[in-house]
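A short worksheet on the structure shown next.
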Amino acid sequence: MKYLSIILILFFVSCNEFKGRIISVHDGDTVTLLSDGKIYKIRLAEIDANELGQPFGNQAKEYLSNLVLNKAIVAKQIDIDKYGRHVCKLFLNGSYVNELMVISGNAWCYKKYASSKLYNEELIAKSERLGLWQDNNCIPPIYAANENGTENWYWKAKKLISDHEKQSK
């Protein structure tokens, strides 16, 4: 009985589908959806966009805003993350929004969770130097900030190197 309960919970979590309108874009991989009078904070599944303090972070937010803000969206939930956000695949008129973010070079493929198709789309964007791939030294957002939103050692070192190179010129 215990296992049946777990299976049913997983089934219902994985089958949640929300239809609504995006009312806010927080950054390149987090939005707020209004659906049937309820508000859902949604983390886009399978991708990771640069943080707002990183190069191309604002560009990712702007691109996502242009795609989805105030538009009708279908969100297919696949999980709930540790922050309580609904992890979803977003669809706009049948197009997979998360994939569009990667194809355009505005997000990284989150390799731990993404399909091989999405990974291949990232490789294409990278080879064409689209979006964040214009920067030869782009840093994945996972290394840019820790859970508290403060910079980690890798990001601080990257900034120090950059500052030093600017002073050397």
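The values are calculated or read from the model by the stated rules, or taken from the named source; none is laboratory data. No experiment lies behind these values; they were computed from the predicted model shown. Backbone-built Cβ (ideal geometry, glycine too); neighbour counts: all protein chains shown.
In the list Glu151, Glu147, Glu128, which residue meets the criterion of being modelled with pLDDT under 70 and more than 17 Å from the chain's Cα centre (by Cα)?
Within the list Glu151, Glu147, Glu128, the selection yields Glu151.
Could you tell me how many of the residues in region 80-126 are on the phi < 0 side of the Ramachandran plot and either in contact with a His (Cβ under 7 Å, 6 or more places away or on another chain) or not hydrophobic (A, V, I, L, M, F, W, C) (or both)?
25
If I filter region 104-119 for residues that are in the same structural domain as Asn50 (by TED's automatic domain parsing), surrounded by fewer than 17 Cβ atoms within 10 Å (Cβ to Cβ), out of contact with any strand residue (DSSP E or B) (no Cβ under 8 Å at 6 or more places or on another chain) and in a helix (DSSP H, G or I), do I get at least one hit?
yes
Give region 86-103 a look and list any residue that's surrounded by fewer than 20 Cβ atoms within 10 Å (Cβ to Cβ) and not hydrophobic (A, V, I, L, M, F, W, C), or say none.
Within region 86-103, Lys89, Asn93, Gly94, Ser95, Tyr96 qualify.
Identify all residues within region 41-67 that are acidic (Asp, Glu) and either buried (at least 22 other Cβ atoms within 10 Å of the Cβ) or in contact with a helix residue (DSSP H, G or I) (Cβ under 7 Å, 6 or more places away or on another chain) (or both); write none if there are none.
If the condition is that a residue be acidic (Asp, Glu) and either buried (at least 22 other Cβ atoms within 10 Å of the Cβ) or in contact with a helix residue (DSSP H, G or I) (Cβ under 7 Å, 6 or more places away or on another chain) (or both), then Glu46, Asp48, Glu51 are the ones that fit.
So if I check each of Leu34, Leu44, which one is within 20 Å of Ser104 (Cα to Cα) and modelled with pLDDT of 95 or more?
Selected residue: Leu44, the only one of Leu34, Leu44 that is within 20 Å of Ser104 (Cα to Cα) and modelled with pLDDT of 95 or more.
Name the pairs whose Cβ atoms lie under 8 Å apart, with the first residue in region 62-73 and in contact (Cβ under 8 Å) with a residue 24 or more places away in the chain, the second assigned to a loop (DSSP other than H, G, I, E, B), and 6 or more positions between them or separate chains?
Matching pairs, first to second residue: Tyr63/Gly28; Tyr63/Ser104; Tyr63/Asn106; Leu64/Gly28; Leu64/Asp29; Leu64/Ala49; Leu64/Asn106.
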